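See below for the structure under consideration.
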Amino acid sequence: MRRLSVLLVLALPLHADVVADVRTALTRLTARDPIHATYEVQRAVKNEGKFDNDSFDGRAAVELEGDASGFRVIVPRALVDVMERELQSHAHNPKQPTPTVNAMRDFGPVDTADAIDFAPTLLQLLDGATLASDKTSAWQGKPARAITFRLADRRESDVGKETIAENRLTLWVGTDLIPLGAEHVRSSKFSFLIFHGEATTRRLWTLARLGDRLVRVRRESSESGSGMGQKSNEQSVAVVRVH
């Protein structure tokens, strides 16, 4: 009986402390090594409804440099010229689109830092997470371990009522527990007074370890929402090419 008990224990998945183990692996990635990369984003938005029927499809690319002192964003002169022309045209005719200017909204400091140092974002998502499943899988044709977490529900706004139906993070990790890829899906319903709506967000990340950095090589994002007579859909793809 004792031998059988030992065998059963050995056969069980070793995921009792998987949240802590993954967090420990991510904490080791301090992002101090120098890096130079091109960061390109394509962003498409379509709004339909009573208040807004705007749509655009824009693309922009900048250069990123990072080291132990921080990171820098270099905006090419040609890109600045394009944005200036779009803004001038829009000033003369508000119906003129500004796709490049809108695409540049994805180059905020948080998202840009994520591109070459993604470990802190995953650590934040894992704060308060609980293990949902842990199984053998594959990532882009290579053996991997797929670990799915139920994330802690944190409301994005204090206004009205929000019910979160799904909030999960799946990590595909190697034997060193460093993520090769990740997916975050969040869906919720909300209400405020007589208004009701729903929103769904899905983000898929392809990741790569480069020295002491976890680089977000590719991000595919889709967001949809409806409510108050309005529908919105947003798709974006961001790619990092390390030089």
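None of the figures in this text is laboratory data; all of them are computed from the coordinates on show. What you see is a predicted model; the values in this text were computed from it and never measured. We place every Cβ from the backbone using ideal geometry, glycine too, and count neighbours over all the protein chains shown.
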Cα gyration tensor shape for region 15-242, rounded if a/c is under 1.5, else prolate or oblate: oblate
Given the Cα-Cα distance of K189 and D67 and 0.36 nm per residue of separation, how much length would full extension add, in nm? 39.8 nm
Spin-label pair D111/T175, simplified geometry with 7 Å Cα→Cβ offset, distance in nm: 3.8 nm
Can you give me the distance in nm between label points at A165 and V75, each placed 7 Å from the Cα along the Cα-to-Cβ direction? 3.9 nm
Cα-based Lys pair tally, region 15-242, threshold under 19 Å, eight or more apart or on separate chains: 6
Descending packing, highest mean Cβ count within 10 Å first, for 213-222, 65-74 is 213-222, 65-74
Extending each Cα 7 Å along its Cβ direction at T38 and A20, get the distance between those two points in nm, one decimal. 4.5 nm
